[in-house]
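S.K.: First, the structure itself, so that you have it in front of you.
The values are calculated or read from the model by the stated rules, or taken from the named source; none is laboratory data. Since the structure is predicted, the reported quantities are computational estimates derived from the model, not experimental observations. For neighbour counting, all protein chains shown are included, and Cβ atoms are generated from backbone atoms with ideal geometry for every residue, glycine included. Heads up: the accessible areas ignore ligands, DNA and RNA and are worked out on the full protein's heavy atoms, side chains in. Shrake-Rupley method; radii C 1.70, N 1.55, O 1.52, S 1.80 Å.
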Amino acid sequence: MKRPIALLAGLALLATACGGTTRSDVAAQRSAAPAASTAPAAADPNAPIKPGLKIAFLPKQVNNPYFTIANRDGVAAAKEFGGEGKEVGPSEASASSQVSYINTLIQQKQDAIVISANDPNAVVPALKQAMAAGIKVVSYDSDTAQDGRNVFVNQASAEDLGRTQVQLLAGQLGHKGKIAVLSATPNATNQNTWIEFMKDELTKPEYKDMELVKVAYGNDDDQKSFTETQGLLRSYPDLAGIISPTTVGIAAAARYLSDSDFKGKVKLTGLGTPNQLRAFVKDGTIEGFELWNPGDLGYLAGWAAAALASGQITGAEGERFKAGRLGEYTVGAGGEVLLGKPTVFDAQNIDDFDF
């Protein structure tokens, strides 16, 4: 992958397709939830990575291009520290679809589970059983309630992601027009948190001529997202723009727009991967979109899992650990580890990236 040095440094130093609760709901859960009782009393930052660690990556759904990239690099991280990584998961992103996989991973005595939660609460009882069995839990991309994991590897600040998507679309629209959001599942933690910040951003004076008319849900399913895009444009023929903060949704929306009379008239932005959206940028369907590097996200989550399983960190604020080629990271409040700010991809830079 070719990347400008400054951009690579930005991604690395600041180390979310992407498919709920609001930010305030998550904050309330975190403030009310104690740290996981299975965590050791103190971290040993000098402890070596244990050999032969077994790390399982459990995405919202398998065969999703976003998670394929993230988990590929997570498995690569496991190989770097002498462990064994694998991806398992459901084919559909429903609230309880991950529970049976967690139960199986407990039986397999994995050392760590790295999960992107379809629902912040539905998976918690099973994850608590995993932690009680000595398995470390890292959430990534989409968080669980705090008592269901040790560490959350967040792709970027939720506030940055929510506000910058509105800012990007507003610039394309001249700060005027009706807009809609095409989200993933109604309960996806990250999606709903970003949308809350989008709504708050839209209350600022510079957006007085923009109106959010609808939040639609494609359930991270290609065909449903395609149909929801069609439905939005039928219901709001004067729609000016769409934000789709999910890799499946933005690709489906772009496919619909590219072959319709709305191409070039309805602006589309959100979160996607360069390889997935390159053709739509080049044919004018999309002016610009943004994302973090999903490979880096999975890679960081893998190293965080190893640090937990080796006793280097417990998930307490201020603890530090090394994450291979990405360098050193610090655990923040609520056990959060932040990857970095989103990158905008457009016709000028999209060919510099290959993921």
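S.K.: Taking only the range 157-198 into account, find how many residues are within 24 Å of residue 120 (Cβ to Cβ), part of a helix (DSSP H, G or I) and open to solvent by 30 Å² or more (accessible area, probe 1.4 Å). Before the answer, list the steps.
M.R.: Of all residues in the range 157-198, those within 24 Å of residue 120 (Cβ to Cβ) come to 157-166, 181-198.
Narrowing further to those that are part of a helix (DSSP H, G or I): 158-166, 189-198.
Applying the additional criterion that residues be open to solvent by 30 Å² or more (accessible area, probe 1.4 Å) yields 159-160, 163-164, 196.
Here the count works out to 5.
S.K.: Answer yes or no: is there a residue in the range 97-107 that is open to solvent by less than 10 Å² (accessible area, probe 1.4 Å), assigned to a loop (DSSP other than H, G, I, E, B) and modelled with pLDDT under 95. Show your work before the answer.
M.R.: First pass over the range 97-107, keeping only residues open to solvent by less than 10 Å² (accessible area, probe 1.4 Å): 98, 102, 105.
Keeping just the survivors that are assigned to a loop (DSSP other than H, G, I, E, B) gives 98.
Then drop every residue that is not modelled with pLDDT under 95, which leaves none.
The answer is no; no qualifying residue exists.
S.K.: Does residue 240 fit the bill of being among the small types (Gly, Ala, Ser) and open to solvent by less than 10 Å² (accessible area, probe 1.4 Å)? If you could, list the steps in order and put the result at the bottom.
M.R.: Working: among the small types (Gly, Ala, Ser): yes; open to solvent by less than 10 Å² (accessible area, probe 1.4 Å): no.
No.
S.K.: Another question, then. Only one residue in 315, 298 is within 20 Å of residue 55 (Cα to Cα), within 17 Å of the chain's Cα centre (by Cα) and surrounded by 22 or more Cβ atoms within 10 Å (Cβ to Cβ), so which one is that? I'd like the intermediate steps shown before the answer.
M.R.: On the way: 315 fails: within 17 Å of the chain's Cα centre (by Cα).
Checking each option against the conditions leaves just 298.
S.K.: Please indicate, with yes or no, whether at least one residue in the range 258-276 is within 22 Å of residue 142 (Cβ to Cβ) and among the aliphatic types (A, V, I, L, M).
M.R.: Within the range 258-276 (the criterion being within 22 Å of residue 142 (Cβ to Cβ) and among the aliphatic types (A, V, I, L, M)), the answer is yes, since at least one residue qualifies.
S.K.: Would you mind stating whether residue 154 is in contact with an Asp or Glu (Cβ under 6 Å, 6 or more places away or on another chain), at pLDDT below 95 and open to solvent by 30 Å² or more (accessible area, probe 1.4 Å)?
M.R.: Numbers: in contact with an Asp or Glu (Cβ under 6 Å, 6 or more places away or on another chain): yes; at pLDDT below 95: yes; open to solvent by 30 Å² or more (accessible area, probe 1.4 Å): no.
No, not satisfied.
S.K.: Hey, another quick one. Considering the range 343-352 alone, what residues qualify as being open to solvent by 30 Å² or more (accessible area, probe 1.4 Å) and within 20 Å of the chain's Cα centre (by Cα)?
M.R.: Answer for the range 343-352, where residues must be open to solvent by 30 Å² or more (accessible area, probe 1.4 Å) and within 20 Å of the chain's Cα centre (by Cα): just 344.
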